[in-house]
1. Excluding residues fewer than 8 places away in the same chain, name every one of the aspartates and glutamates whose C-alpha is closer than 15 Å to that of Lys38.
2. Rank Ser76, Ser113, Ser222 by mean-square fluctuation in a GNM of the chain with C-alpha springs under 10 angstrom and give only the top-ranked residue.
3. Given the pairs Lys105/Lys126; Lys126/Lys227; Lys63/Lys86; Lys116/Lys161; Lys39/Lys116; Lys54/Lys227, which are separated by over 27 angstrom at their Cα positions?
4. Using a Gaussian network model of the chain whose springs link C-alpha atoms within less than 10 Å, name the residue from Phe119, Phe185, Phe166 with the highest mean-square fluctuation.
5. Just Val83, Val193, Val223 to compare: in a GNM of the chain, with alpha carbon springs under 10 Å, which one fluctuates most?
6. As a test of the formula, what do you get for the chain when each DSSP H run with n ≥ 4 contributes -39,500 (n - 2.57) and the sum is divided by the residue count, at 222 nm and rounded to the nearest 500 deg cm²/dmol?
7. Using Cβ contacts closer than 10 Å as the measure, can you line up Leu68, Leu247, Leu21, Leu211 from fewest to most?
8. Report, largest value first, the span of the C-alpha coordinates of the stretch 25-143 along each principal axis, in whole Å.
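The numbers here are math on the coordinates, done by the rules we state, and not lab data. If you're wondering where the values come from, they're calculated on a predicted model, not measured in any experiment. Cβ coordinates were reconstructed from backbone atoms using ideal geometry, including for glycine residues, and neighbour counts include every protein chain displayed.
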Amino acid sequence: MRVVAVIPARYRSSRLQGKPLADICGRPMIWWVYSRVKKACGIDAVYVATDSEKIRETCADYKIACLLTSDKHPTSTQRLYEVAQKIPADVYICVNGDEPLIDPKTVEQIIPSPDKPFFAANLMTKIDSPVQAMDDTNIKVVTDTDGNALFMSRSPIPHPKSSIHFDYYKHLGVLAYSKAALQFFAETPKGQVESIEDINELRFIEHGKKLKMIPVQAQTLSVDTPKDLDYVRRVIKEKLETGEWAL
């Protein structure tokens, strides 16, 4: 089974433009994400996929494998599908380009064991504070008894009407797809709920496709704001100083 990891990196972010190139301890953010994913076992190749010449040039400077993709893709999943049409694989792992703290062992947990004609999965982790549960940049998820996603929302779900004895979970920016799953996403129009919530993965749920949610223990952060960027800079600086990470 051939597994390829793809890191979508868009320059024109609405919240933090150019964030894949943001400096973190002397290296661009995209270098940190790429370096972390490269350490994951079970992945045969890692590529950055971008619509930005600036990001492509930076990747070339750091000898990062990079594919220049169309600037017409409305979602990272459709950018991933373009890559899948050029790079053969059985499974495509998507790791968002704004996850510089991602643990390689976390990425490994989404790699499937059996081959499947249609495969789509997403990592999720337990939310450990009410602030995270209320933050609409954290996408909350509820699952059925088999671990498939029932719904995703930027609002806290489920609502604690009859009980408070449950855990909130949020999705992580690590997903896995077969090529068939990517093709389905690319060829299926956006549904009403996806349009309202602005959550790509709802396209599978709205159209009756299974999206396997895999629970993991993870301390990571998607960099969406300058405040997030300051936080990951402090964390990585500390890891470098203690020798936990190395350049």
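1. Cα-Cα hits under 15 Å: Glu99, Asp103, Glu108.
2. Among Ser76, Ser113, Ser222, the largest GNM mean-square fluctuation belongs to Ser113.
3. Among Lys105/Lys126; Lys126/Lys227; Lys63/Lys86; Lys116/Lys161; Lys39/Lys116; Lys54/Lys227, the Cα-Cα distance tops 27 Å for Lys116/Lys161.
4. Sorting by GNM fluctuation, first place goes to Phe166.
5. Per the Cα network of the chain with a 10 Å cutoff, Val193 tops the list.
6. Calculated from helices alone, the mean residue ellipticity at 222 nm is -8500 deg cm²/dmol.
7. Leu247, Leu68, Leu21, Leu211
8. If we take the Cα atoms of the stretch 25-143, the spans are 41, 40, 31 Å.
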